[in-house]
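Laboratory data are not the source of any read-out in this text; all were calculated from the coordinates shown. Keep in mind it's a predicted model, so treat the numbers as computed, not measured. Cβ: placed from backbone, ideal geometry, glycine included. Neighbour counts: every protein chain shown.
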Amino acid sequence: MKLIIQSRAEYDAAMKAIQEMMSRGEDQLTEEDRSAFFRLAVAIERFEDQFMNTEGFVPDLPHIINYKFPILHG
């Protein structure tokens, strides 16, 4: 199952979950925990690559609409 982070709040929650798992230590994680850890890590990386590591990116609606549908705004 592909996990997609769609907001800053979801990103913050995912980071908190990752930090909690890391604080428990690898030996204390179940297979289910490890699977969740890697799904969260991939989703976090995708979110950061798309929204947070773009220099000068401002996540406002017109910018997103123009980026996704440039024909609508010339």
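Count Lys and Arg as plus one, Asp and Glu as minus one, and take only other residues whose Cβ is under 13 Å from that of ILE5; the net charge is then 0.
Evaluated with a Cβ-only charge set (Lys, Arg +1; Asp, Glu -1), segment 1-56 carries a dipole of roughly 160 debye about its Cα centre, given to the nearest 20. ALA14 sits among other residues whose Cβ lies under 13 Å from its own Cβ, and their net charge, with Lys and Arg +1 and Asp and Glu -1, is -1.
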